[in-house]
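Bear in mind that the values in this text are calculations on the coordinates, not laboratory data. Fair warning: this is a prediction, and the values are worked out from it, not measured in the lab. For neighbour counting, all protein chains shown are included, and Cβ atoms are generated from backbone atoms with ideal geometry for every residue, glycine included.
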Amino acid sequence: MTTVAMHDAPRLTRHSTERQRQRGYRKEDLGLVLEVGTPAGNAVLLTDRDVNERVAECRRRISQLERLRGTAVILDGNTILSVYRARRHKARRLLRHRQGRGLGVPRPRVPRGLHELDEACCA
């Protein structure tokens, strides 16, 4: 999308800081525009197309989350043993286990590489 990376975010001048406050923009707003907007010369413009694409991504993500609600993935270290849709009783038992009660075995850690699900587009 844009060439402005978040790790080398542009500095704000005194003038831009004043205008930002006067016009009701937050720093997070500017970061989002720079992240998903379209470069236009020496500016970045958040177009209708940019907004529609991002909203569609979020809707797909919401639909996926709703479809997967209640899914349990059983792990043994870094290995997925099983996957199923947990019924209420089983979900409660798994959650008790998370809190240190219940099944009596240490809670397996989520393996690296499966954290893409944490990259929420609407965060």
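A few notes on this one:
- Sequentially through segment 30-41, phi angles give Karplus couplings (6.51, -1.76, 1.60; θ = phi - 60°) of 5, x, 5, 4, 5, 6, 10, x, 9, x, 9, x Hz, Gly and Pro residues having no value and appearing as x.
- Here the extension length gained between Y25 and R85 equals 17.3 nm, from 0.36 nm per residue of separation less the Cα-Cα distance.
- Whole-Hz couplings from phi, Karplus 6.51/-1.76/1.60, listed for segment 80-97; x for Gly and Pro: 7, 8, 7, 9, 7, 8, 6, 6, 3, 4, 5, 4, 4, 5, 5, 5, 4, 4
- All-pairs Cα distance distribution in segment 6-66, expressed in whole percent, bin size 10 Å: 19, 42, 28, 10, 1
- Distance-filtered residues of segment 17-38 - backbone nitrogen under 20 Å, label point 7 angstrom along R59 Cα→Cβ: 36-37
- Amide hydrogen proximity for T38: with H placed 1.01 Å from N in the peptide plane, the residues at 5 or more positions away or on another chain lying under 5 Å are L45, L46, T47.
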